[in-house]
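For reference, the structure discussed in these notes is given below.
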Amino acid sequence: MFEHLVSFKFNGSYTPELAARLIDKLHTFKGSIPGIVELTAGVNVTEETENRHGYSLGLRVTFEDREALRQYGPHPVHQEFVRMLDGYLDSVVVVDYPIHR
């Protein structure tokens with residue numbers, strides 16, 4: 001299995017309404033994109049403000065395998081989400097790693 005972690009940092013156009021729309025869209029991934037085992041997404045509520053660095057939304061997706069992760073990026077549902085970010089996103093941090101159990 002592979003873990004896909006994403007932290008989103010938005011510009012001044014970010015609103016709670018936008019966050020809700022984005023999270024709703026992210027939650028559709030599991031039923032629409034093959035190979036997703038588990039998915040969580042939400043607004044950053046950390047109290048460790050020195051570690052927040054302006055990243056206000058997080059995503060964690062567990063994939064069956066590396067090939068599922070590779071197929072995820074170009075998938076139309078994922079690309080629709082990427083288009084929703086246009087004009088709002090300041091930066092993003094992505095970390096992908098194999099899960100060893």
Per-region count, the range 53-79, residues under 13 Å from the mean Cα position of the chain (by Cα) and surrounded by fewer than 13 Cβ atoms within 10 Å (Cβ to Cβ): 2
Matching residues in the range 56-98 - criterion: being touching a helix residue (DSSP H, G or I) at 6+ places or on another chain (Cβ under 7 Å), assigned to a helix (DSSP H, G or I) and farther than 16 Å from Ile36 by Cβ: Met84
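Being in a strand (DSSP E or B), closer than 19 Å to Arg83 by Cα, without any contact (Cβ under 8 Å) to a residue 24 or more places away in the chain and in contact with a helix residue (DSSP H, G or I) (Cβ under 9 Å, 6 or more places away or on another chain), is that true of even one residue in the range 9-16?
Restricting attention to the range 9-16, the residues satisfying the condition of being in a strand (DSSP E or B) are 9-10.
Going one step further and asking which of them are closer than 19 Å to Arg83 by Cα, we end up with 9-10.
Going one step further and asking which of them are without any contact (Cβ under 8 Å) to a residue 24 or more places away in the chain, we end up with none.
The answer is no; no qualifying residue exists.
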Long-range neighbours under 8 Å by Cβ, at least six apart or interchain, first residue assigned to a loop (DSSP other than H, G, I, E, B) within the range 33-45, second hydroxyl-bearing (Ser, Thr, Tyr): Ile33/Tyr72; Gly35/Tyr72; Asn44/Ser7; Asn44/Tyr55; Asn44/Ser56
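Here, each number is a calculation from the coordinates, and none is a lab measurement. Everything numeric here is computed off the predicted structure, so don't read it as measured data. Please note: Cβ atoms are built from the backbone with ideal geometry, for glycine as well, and neighbour counts cover all protein chains shown.
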